[in-house]
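This report refers to the structure that appears directly beneath it.
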Amino acid sequence: QVQLVESGGGLVQAGGSLRLSCAASGRTFSNYAMGWFRQAPGKEREFVALVDWSGSILHYAISVKGRFTISRDNARNTVYLQMNSLKPEDTAVYYCALDSDYGISRRPRDYDYWGQGTQVTVSS
């Protein structure tokens, strides 16, 4: 089993920044790709960013590319999402997830383990 715990969400004004963290325990974190997803009220969960096990392969949704940066620290069993130039449309619950199938996927259904989510609210 894997436990994922997100932190770092909050309320920020448009143009501001937040850094989300996701701490993992219970499995060899460094073997697996990690993803960040988000879900706004009334919308489906959507892909935000992912990083492969080594940290060398990074994918981003078009809507966040150039503003968000995903990274990981395998020694600390933690993945991060640095979010800059935030917009009101970034408001959502953000989730980290682990893909235990050794793949790299943007699809939420391919991820086996999920955190509880952290709320990010961007005011205009």
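The values are calculated or read from the model by the stated rules, or taken from the named source; none is laboratory data. In this text, all values refer to a predicted model and were calculated from it rather than measured experimentally. Here Cβ is always computed from backbone atoms with ideal geometry, including for glycine, and neighbour counts include all displayed protein chains. The protein model used for the area step is the full one, side chains on, heavy atoms only, and it has no ligands, DNA or RNA in it. Shrake-Rupley method; radii C 1.70, N 1.55, O 1.52, S 1.80 Å.
Tabulated results
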| item | result |
| --- | --- |
| Value of relative contact order over the chain, rounded to a whole percent, pairs C-alpha under 8 Å and six or more apart | 36 |
| Simple Cβ-charge dipole of segment 1-115, Lys/Arg +1 and Asp/Glu -1, about Cα centre, in debye nearest 20 | 200 |
| Per residue accessible area of the chain, 1.4 Å probe, in Å² | 51 |
| Point-to-point label distance, GLN3-THR121, nm (Cα→Cβ direction, 7 Å offset) | 2.8 |
| Sparse-neighbour loop sites [chymotrypsin sites (Phe, Trp or Tyr not before Pro); segment 81-110; at most 11 other C-beta within 10 Å; DSSP] | TYR102 |
| When the convex hull of its Cα atoms is projected in every direction, mean area for the chain (nm²) | 6.8 |
| Percent accessible area from carbon and sulfur atoms, segment 1-90, protein chains only, probe 1.4 Å | 48 |
